[in-house]
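The values are calculated or read from the model by the stated rules, or taken from the named source; none is laboratory data. Everything numeric here is computed off the predicted structure, so don't read it as measured data. Here the Cβ positions follow ideal geometry from the backbone for every residue, glycine too, while neighbour counts run over all protein chains shown. Just so you know, the surface numbers come from the protein's heavy atoms only, side chains and all, with ligands and any DNA or RNA stripped out. Shrake-Rupley method; radii C 1.70, N 1.55, O 1.52, S 1.80 Å.
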Amino acid sequence: MNATIAPWLRFSRAYFRTCFAIMLEYRATVYLWIFAGVTPLIMMFVWRHLAAAEPVGGHDPKSFSFYFLLAFFSTQCCTVWVVWNVDHLIRSGTYAIQLLRPFDPWLAEVVENLAAYALRVPLNLTIVGTGLLLTGAWDLIEPARLPVYLLALVLAWQLMFNMNYAISLLCLWSERVKSADVWVYTMLYTLGGALFPLDLLSPGLRAAIAWLPFPWMVNFPVQLLAGDAPPFPGLAMQAAWLAIVVVAHRILWRIGRKRFGAVGG
Amino acid sequence: MIEVHDLVKHYRVTKREGGFAKSLRAFFKRQYDTVKAVDGIGFSIAPGEIVGFLGPNGAGKTTTLKMLAGLLHPDAGTLSVAGFRPQDRRRDFLGTIAMVLGQKQQLIWDLPPADTFLLNKAIYGVSDADYRERIGELTEMLGLGTLVTRQARKLSLGERMKCELAAALIHGPKVLFLDEPTIGLDVNMQQVLRDFIADYNKRTGATILLTSHYMADVTALCKRVIVIDRGKLIFDGDFAAIMERMALDKAVKLNFSAPVPQARLEGYGKVTRADGLEAELHVPRGSVAATAQRMLAELPVADIAIEDTPIETVIGRFMTGGMTANTGPA
């Protein structure tokens, strides 16, 4: 195995096991976080009711069920707490412990996020699967699109994670960036399509927000799975935004580390 | 092993006086101060040395240690630790050093220390055979026993610090930075850790730079001390030389079974506190045993404790007492 990659994999495996053990200690909190993100499911009931008499914007109740159940799954995949984590580590002075390890702290955050998913995803899938069966929306899935849908979900997660990581590194300047986290999630829910399908917006507004990263994290994967959107340019937009945020956090890391004040004596 | 030349680290910190109006003004116009945490210090430490790094609070000790460990970037000057520039954070460098911060912990709070040890084994790529050998040694030297299988949050402060040290040493570092390793521990536990640090240095030849507020730590471990104050180096040399010159007395703390007036105590030494049933005196080191015997015979003593002069007091005297930088006693 490549001598550069091997230590990363060794650390990732060990840290994953450690983080998973910690998540198990706090499993109740992890599951509460899932239920704190049920806004798309509530919106499903609202829009189903509105479309009960006649379709709204071409969506009937079954179509809304499909959209919001999958939107719920997208937002769950995009739920990362890296800003809170890094903010806490820097303000409490324990970021120093991360910096003493011969790995970029980014890797530890990615692995911790994955460990949380290992606990959350089975419950998420159970909720979404049950919802699709109960509402009869199961048959709206285009099975041939599943592989590309999974790719879009991974890109959506990575885009959200790295965007948040870039924001978290602003702590090296301001030492408090938790409020930026709230802003990002507000954008994800509104402009991403977790409160309403984006095709209900006017074409002009849709075209404008298509330049932002948010629609590609929630709305796009759902439409992809339903066969309502082609893989391109969506995947290309996800990849482009991912490249932008990764470059941004590499630059912030390089400059910010020199400014790091190692809070706490 | 460690070379430091003209090291500088300044911080810009916001300043604001209390009160609503000042808060409002600061919102629109921030004011800043520059704190010269480290201001042009230099020293070198040979392989295998244990050096005490002393100074009052805010002197710049921890900032210097953090620069040596690669956590902070210096503003100016040069640093070399084991042949590496610490701020480059090269993998080989980070595998050569360890840092224990007495007030920060690397143990994973919710899991037993054994899990932190295994994580560090993976982080530093320690082989199974080396891991078994080191854990065996550390368990024996620190008396870890069953501590490693209990949740870290359920351990006492002293037990946690033992495990912190073990976790930091899994990869066999050649350079060890210890920032207040005995802070908050009871006297027995302080002694256990001191013995361990001395033994570890003897067994492995590791270079150790230690900060502490406890005179006993420095006395037991360090032949050489570096003293800094307000970011400037004011002494680098033999610890015995400072003690000879500045720790001229010991503190004698007394509890009485019946009130004793201050006037009656003044013949024994310099009275720093006296309130009838309790008193504290400073007595010349050379005559402390004889004076204590006299007190026990002549006064209604219920309890007596003889303590070293606090390190801050020695350094305080030292800074006003005519020692010169880098050269030891004037």
Amide H of B:D39 versus every other amide H placed in the peptide plane: which residues, excluding those fewer than 5 positions away on the same chain, fall under 5 Å? B:K9, B:K232
Between the range A:232-248 and the range A:73-88, the Cα center-to-center distance that results, in Å: 19 Å
Write down the Kirkwood hydrodynamic radius of the range A:1-155, to one decimal in angstroms, obtained as one divided by the mean of 1/r over all alpha carbon pairs. 18.1 Å
Could you give each residue of the range A:145-159 its phi-based ³J(HN,Hα) in whole Hz, using Karplus coefficients 6.51, -1.76, 1.60 with θ = phi - 60°, and x for Gly or Pro? 8, 4, x, 6, 5, 5, 4, 5, 5, 5, 5, 4, 4, 5, 5
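What fraction of the DSSP beta bridges in the range B:2-244 is antiparallel, stated in percent and rounded to the nearest 5?
Working: 24 of 41 bridges.
The antiparallel proportion sits near 60 percent.
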Evaluate the relative contact order of chain B (contact order divided by residue number), counting alpha-carbon pairs under 8 angstrom at least 6 apart; express in whole percent. 19 percent
Averaged over A:98-105, how many beta carbons belonging to a partner chain fall within 10 Å of each residue's beta carbon? 6
Starting with the highest mean, order A:35-41, A:140-146, B:116-122 by the number of other Cβ atoms within 10 Å, averaged over the residues of each peptide. B:116-122, A:35-41, A:140-146
How big a patch of accessible area, both sides summed and in Å² to the nearest 100, lies buried between A and B at a 1.4 Å probe? 2700 Å²
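Could you tally the net charge around B:A76, taking each other residue with its Cβ under 12 Å from the Cβ of B:A76, Lys/Arg +1 and Asp/Glu -1?
Working: positive: B:K9, B:K36; negative: B:D6, B:D39, B:D75.
Charge balance in the 12 Å sphere: -1.
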Cα pair distances exceeding 16 angstrom across the range B:249-308, given as percent: 30 percent
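For chain A, what relative contact order do you get, as a whole percent, if you take Cα pairs closer than 8 Å and at least 6 residues apart? It would help to have the intermediate numbers written out before the result.
On the way: 304 pairs, mean separation 70.2, N = 265.
Relative contact order of chain A: 27 percent.
Expressed in nm², what is the orientationally averaged projection area of the convex hull enclosing the Cα positions of the range A:2-259?
Numbers: hull surface 59.9 nm².
For the range A:2-259, averaging the hull's shadow over all directions gives 15.0 nm².
Viscosity 1.306 mPa s, temperature 10 °C: what is the translational diffusion coefficient of the range B:11-84 from Stokes-Einstein with a Kirkwood Rh over Cα pairs, rounded to a whole number of µm²/s?
Details: Rh = 15.3 Å.
Answer, rounded: 104 µm²/s.
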Using only DSSP helix segments of four residues or longer, with each worth -39500 (n - 2.57), what per-residue ellipticity at 222 nm results for chain B after dividing by its residue count and rounding to 500? -10500 deg cm²/dmol
Could you run the Debye sum over the Cα atoms of the range A:18-64, one equal point scatterer each and no solvent, and tell me log10 of I(q)/I(0) at q = 0.15, 0.26 Å⁻¹, two decimals? -0.54, -0.85
Ordering B:T272, B:T207, A:T79 from largest to smallest accessible area (1.4 angstrom probe), what's the sequence? B:T272, A:T79, B:T207
Just the Cα atoms of the range B:2-244, one point each, no solvent: what log10 I(q)/I(0) does Debye give at q = 0.09, 0.11 Å⁻¹? -0.43, -0.63
Measuring from the lowest to the highest alpha carbon on each principal axis, how far does the range A:76-118 reach, largest first, in angstroms? 30, 21, 12
Filtered hits (lysines, Cα-Cα < 24 Å from A:K258, offset >= 8 within chain) -> A:K178, B:K9, B:K15, B:K36, B:K61, B:K66, B:K104, B:K232
Please give the calculated 222 nm ellipticity per residue for chain A, where each DSSP H segment of at least 4 residues contributes -39500 (n - 2.57) and the sum is spread over every residue; nearest 500 deg cm²/dmol? -23500 deg cm²/dmol
Fraction of beta bridges assigned by DSSP in the protein assembly as shown that are antiparallel (%, nearest 5): 70 percent
All-pairs alpha carbon distance profile, the range A:121-208, 10 Å steps from 0, percent: 13, 29, 37, 17, 4, 0
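Share of the protein assembly as shown's accessible area from carbon and sulfur, percent, 1.4 Å? If you can, show how the numbers build up before the last one.
Numbers: 16090 of 26970 Å².
It is 60 percent, rounded to a whole number.
Would you mind estimating how fast the protein assembly as shown diffuses translationally, via Stokes-Einstein at 20 °C and 1.002 mPa s with the Kirkwood radius over Cα pairs, in µm²/s? Before the final figure, lay out the partial values.
Values: Rh = 28.2 Å.
Diffusion coefficient, whole number: 76 µm²/s.
Whole number in Å², please: accessible area per residue of the range A:1-87, 1.4 Å probe, ligands, DNA and RNA not counted. List each step's numbers first, then the result.
Details: 4380 Å² over 87 residues.
Roughly 50 Å² per residue, with all protein chains present.
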